[in-house]
């Protein structure tokens, strides 16, 4: 139970707090757990921010020295952001590389910046979220600054319920 609490509440809350500007952050709270996805609510720039987050079930290759690994879907209603996709990989990406997210037969390319990867337009975010809702697993492939290719496999169990809860919290 302690490892589940640390995995889905404490560590993601700290990571989420790091993604919210410290100057404007007031509080980040875990509000629910839907299978393999946790839901967090915080404040940023005077508005609510709701995020669903998960960690991979399988991380390859074994034995690489990596930091925390998370996949985020964030809603920022005050900014008109419905789905903001971001991936924290636990390493610095190879300069100029892209990260690939695969759900079923659908493939999405994310641009990289240091140890983060992001989609570059709202239409792709919507398409990725729809694929996640329909899928059972998701594979994120990236290349580190040291030249290592990583393959992280996420469960999508609970993503639909988690996104619904986030939408309710940030309505």
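Bear in mind these aren't lab numbers, they're just calculated from the coordinates by the rules spelled out. Please read all numbers here as calculations on a predicted model, not as lab measurements. Methodologically, a virtual Cβ is constructed for each residue, glycine included, from the backbone with ideal geometry; neighbour enumeration extends over all protein chains shown.
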Label points 7 Å out from Cα along the Cβ direction at residue 100 and residue 133: separation in nm?
2.6
In nm, the gap between the two label points placed 7 Å beyond Cα toward Cβ at residue 160 and residue 120 is 3.2
Contact order normalised by residue count of the range 59-169, Cα under 8 Å, 6+ apart, percent:
24
Taking a spot 7 Å from the Cα of residue 148 along the direction of its beta carbon, which residues of the range 52-91 have an amide N less than 18 Å from it?
56-71, 88-91
Between residue 31 and residue 78, what FRET efficiency comes out of the Förster formula 1/(1 + (r/R0)^6) with R0 = 22 Å and r the beta carbon distance, rounded to 0.05?
0.75
